[in-house]
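These notes concern the structure reproduced below.
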Amino acid sequence: MDMKVTDKDISFMKRALKLAAKARGITSPNPMVGAVIVKNNRIIAEDYHKKPGELHAEALAILHAKEKAKGSTLYVTLEPCCHLDKRTPPCTKAIINAGIKKVFIAMKDPNPKVSGRGIEELRKHGVEVVDGLQEREAQRLNEAYCKYITAGRPFVILKVAMTLDGKIATPEGQSKWITGKSARELVHRMRCNVDAVLTAIGTVKADNPELTARHRKGAKSPVRIIIDPHLETPLDYKVFNTPPETLVVTKKFGTITGNPPIPPLVKRGKGGFAKKEKVKALSDKGIKIIAYEGARVDLRWLMRILGAMGITSLMIEGGSSLNAYALQDGIVDKVAFFIAPKIMGGKDSIPAVGGEVFRRLEDAYRVHDLKIKRTGDDLMIEGYLQDTSCPKYPF
């Protein structure tokens, strides 16, 4: 980055980042992007990308600025696009045609179709470009986009609500409510910001949850993904009767046929249905089935399947076993632990992370870039399982 930047430059880029964040949860699979146009140290136009298929932030800001854009400076949170393989025109062309003389860019676009080409095109047409201003903040803002566009798999957040002594439920499975109202409302906001929520049959049977986002009217709810090896979830449960979409991940039986694959009949399950009958009943409700082989689902394989379906981000809201498998399979990018000021005790109470395998202290999962904040009476601890920034993150 050109080090000849001023406090004003930083301030304008922070404004662009704030604008971009307004679209959190609504631009997927596109990134969040904000743009600010400045002339004579004054903002003359600004905007952000609203949703896929609509004009990008730079193009919108240029439309607002009109002829005033000539000779101005643009601050944009992501490298302007230059390719034609999309529904909107290239932003580099709009910038050049508007006569903008200088562009500050927070981060290069990790999309191989852009990745430096946008900057190159602007410079080729005489536009001065400074990149890397507030880069880390921009990368964190679009961490899900970066993971998805470079690896083809969703960015995964492991969410846990637990007591001070690390328990998530009593021996009988009671878990409502470990954390308070403020923490639960924050979880609903987090659901708005991801494409999907992943859970397992144990959690569904224990709580009969909706797994929707209900913190505000019109909030976008994520796709629900339930790991249910034997199709035990009752048909009258909320996940099958409340929008939005629900996917069921179940164990493969016999030869797989159909699209999506359907496990055929082998025996009657615990719910009284034969497997084929249950699949038909679920299909009639619009529920999609993903079938896997083996004793348990390989979560790395599942992430590849979900990535191919266009799911860019996912939050795990499961139990002790699913949390353990997610860490063990190496799919977790970020953790969000909500800690209530309660002590449950009891060796048979359910821990936040179970499983058969433990790690020696020197091999324990290490969490980096910690953020700690209070929400009501509870604490929220966030962090990453890799000590690197996207898009250099070794996905």
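The values are calculated or read from the model by the stated rules, or taken from the named source; none is laboratory data. Small disclaimer: the values here were computed from a predicted structure and weren't measured. For neighbour counting, all protein chains shown are included, and Cβ atoms are generated from backbone atoms with ideal geometry for every residue, glycine included. Note: accessible area is taken over every heavy atom of the protein model, side chains too, but ligands, DNA and RNA are not part of it. Shrake-Rupley method; radii C 1.70, N 1.55, O 1.52, S 1.80 Å.
Scan region 31-49 for residues that are in a loop (DSSP other than H, G, I, E, B) and surrounded by 21 or more Cβ atoms within 10 Å (Cβ to Cβ) and jot them down. Before the answer, list the steps.
Of the residues in region 31-49, the ones in a loop (DSSP other than H, G, I, E, B) are 31-33, 40-41, 49.
The answer is 31, 32, 33, 49.
Close Cβ contacts (under 9 Å, 6 or more residues apart or on different chains) running from residues in region 289-306 that are under 17 Å from residue 321 (Cα atoms) to residues that are part of a helix (DSSP H, G or I) and open to solvent by less than 70 Å² (accessible area, probe 1.4 Å) comprise 299/322; 299/326. Filtering 80, 89, 52, 110 for residues that are touching a residue at least 40 places away in the same chain (Cβ under 8 Å) and open to solvent by 10 Å² or more (accessible area, probe 1.4 Å) leaves a single hit, 110.
Could you identify the single residue in 319, 376 that is under 19 Å from residue 191 (Cβ atoms), at pLDDT below 95 and buried (at least 18 other Cβ atoms within 10 Å of the Cβ)? Break it down stepwise before answering.
Details: 376 fails: buried (at least 18 other Cβ atoms within 10 Å of the Cβ).
Within the list 319, 376, the selection yields 319.
Listed by first and then second residue, the pairs with beta-carbon distance under 8 Å, at least 6 apart or on different chains, first residue in region 331-346 and on the phi > 0 side of the Ramachandran plot, second open to solvent by 50 Å² or more (accessible area, probe 1.4 Å) and not hydrophobic (A, V, I, L, M, F, W, C), are 345/165; 346/171. The listed residues are 381, 343, and the only one of them that is modelled with pLDDT of 90 or more, within 30 Å of residue 181 (Cα to Cα), open to solvent by 30 Å² or more (accessible area, probe 1.4 Å) and part of a loop (DSSP other than H, G, I, E, B) turns out to be 343. Determine whether region 145-160 contains at least one residue that is touching a Lys or Arg at 6+ places or on another chain (Cβ under 7 Å) and of a type in the set (S, T, N, Q). Within region 145-160, none of the residues are touching a Lys or Arg at 6+ places or on another chain (Cβ under 7 Å) and of a type in the set (S, T, N, Q). Within region 72-93, is even one residue closer than 15 Å to residue 123 by Cα and among the aliphatic types (A, V, I, L, M)? Yes; the residues of region 72-93 include at least one that is closer than 15 Å to residue 123 by Cα and among the aliphatic types (A, V, I, L, M). Residue 94 satisfies every condition listed in (1) surrounded by fewer than 21 Cβ atoms within 10 Å (Cβ to Cβ); (2) more than 19 Å from residue 133 (Cβ to Cβ); (3) free of Cβ contacts under 8 Å to residues at least 60 places away in the same chain except (1).
Residues in region 55-74 that are among the hydroxyl-bearing types (Ser, Thr, Tyr) and open to solvent by less than 10 Å² (accessible area, probe 1.4 Å): how many?
So the first thing to find is which residues in region 55-74 are among the hydroxyl-bearing types (Ser, Thr, Tyr), and the list is 72-73.
With the extra rule that they be open to solvent by less than 10 Å² (accessible area, probe 1.4 Å), the set shrinks to 72.
Looking only at that region, the number is 1.
If I filter region 165-183 for residues that are crowded, with 16+ Cβ neighbours inside 10 Å and in a helix (DSSP H, G or I), do I get at least one hit? The answer is yes, given that some residue of region 165-183 is crowded, with 16+ Cβ neighbours inside 10 Å and in a helix (DSSP H, G or I). Residue check: residue 245 meets all listed conditions (1) at pLDDT below 90; (2) surrounded by fewer than 17 Cβ atoms within 10 Å (Cβ to Cβ) but one, namely (1).
Condition check ((1) modelled with pLDDT of 95 or more; (2) open to solvent by 10 Å² or more (accessible area, probe 1.4 Å); (3) touching a His at 6+ places or on another chain (Cβ under 6 Å)) across all residues:
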{"position": "279", "(1), (2), (3)": "no, no, no"}
{"position": "286", "(1), (2), (3)": "no, yes, no"}
{"position": "294", "(1), (2), (3)": "no, yes, no"}
{"position": "336", "(1), (2), (3)": "yes, no, no"}
{"position": "348", "(1), (2), (3)": "no, yes, no"}
{"position": "351", "(1), (2), (3)": "no, yes, no"}
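Among the conditions (1) touching a helix residue (DSSP H, G or I) at 6+ places or on another chain (Cβ under 9 Å); (2) at pLDDT 90 or above; (3) in a loop (DSSP other than H, G, I, E, B); (4) farther than 24 Å from residue 135 by Cβ, residue 54 misses just one, which is (2).
Of all residue pairs spaced 6 or more apart or on separate chains, those with beta-carbon atoms under 7 Å, a first member in region 193-213 that is under 24 Å from residue 310 (Cα atoms) and open to solvent by 40 Å² or more (accessible area, probe 1.4 Å) and a second member that is at pLDDT 90 or above and not β-branched (Val, Ile, Thr) are 193/24; 210/238. Say whether the condition of being farther than 21 Å from residue 146 by Cβ, assigned to a helix (DSSP H, G or I) and not β-branched (Val, Ile, Thr) is met by at least one residue in region 101-121. Within region 101-121, one or more residues are farther than 21 Å from residue 146 by Cβ, assigned to a helix (DSSP H, G or I) and not β-branched (Val, Ile, Thr).
Selection of region 354-366 for residues being touching a Phe, Trp or Tyr at 6+ places or on another chain (Cβ under 9 Å) and either open to solvent by 60 Å² or more (accessible area, probe 1.4 Å) or touching a residue at least 60 places away in the same chain (Cβ under 8 Å) (or both) yields only 359.
Among the residues in region 13-22, are any in contact with a Gly (Cβ under 9 Å, 6 or more places away or on another chain), open to solvent by 30 Å² or more (accessible area, probe 1.4 Å) and aliphatic (A, V, I, L, M)? Yes - at least one qualifying residue is present in region 13-22.
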